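First the structure, in the form of structure tokens, and then the observations on it.
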């Protein structure tokens, strides 16, 4: 960290290489669009290097980077919502859960992932991000609360609402 703070480029490169895959993978799954994810990751690391003094514990770098990235993900969600309202969101999701699945995934799993993708598209960002972080990324509720900058009770409430919507979505999908 000291070498990064002093502006050593090699230290920055090592830090970036160590963390970029995890941040990019999470952001891609949250946003569903590779171009948006690449922009968010670039902004995340630019901000991180500018504010590296805020990182006190090098072991907490991944969580710190994810928190920075998550703020930017929410900005993208807000921008998309506005563009949809204006009829100007022409972007297509090119990194859905179904598309990110392992090539060996069978048709049943791909069908389920496609259903989850459609469901995620119905969720407000305030529910989508915590749901993805907890269910897909496997983060604990406490980790999600820290990343989302909210209380544990708020995360639980958002997850409960998302799961209620998922239940309705699944029931509606099967009754058709």
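Each value in this text was obtained by applying a stated rule to the coordinates, not by laboratory testing. Predicted, not measured: the structure shown is a model, and the values here were computed from it. As a convention, Cβ positions derive from the backbone with ideal geometry for all residues, glycine included, and neighbour counts pool all protein chains shown.
Which distance in Å, rounded to a whole number, links the C-alpha centroids of the range 37-89 and the range 105-176?
When both Cα centres are located, 20 Å separates them.
Of all the C-alpha pairs in the range 1-89, what % are more than 21 Å from each other?
33
Quick one: plug the Kirkwood hydrodynamic radius of the range 136-175 (C-alpha pairs) into Stokes-Einstein at 25 °C, 0.890 mPa s, and report D in µm²/s. Mind dumping the intermediate values first?
Values: Rh = 11.1 Å.
Answer, rounded: 220 µm²/s.
Given labels modelled 7 Å from the Cα in the Cβ direction, how far is it in nm from residue 49 to residue 161?
Rounded to a tenth, the inter-label distance reads 3.8 nm.
In the range 96-176, if every C-alpha pair distance is counted and binned at 10 Å from zero, what percent goes to each bin?
Distribution as computed: 18, 45, 30, 7 percent.
Using only the alpha carbons, work out the radius of gyration and Dmax of the chain in angstrom.
17.5, 61
For an R0 of 35 angstrom, estimate the FRET efficiency from the Cβ-Cβ distance between residue 112 and residue 59 and round to the nearest 0.05.
Efficiency, from the Cβ-Cβ distance: 0.50.
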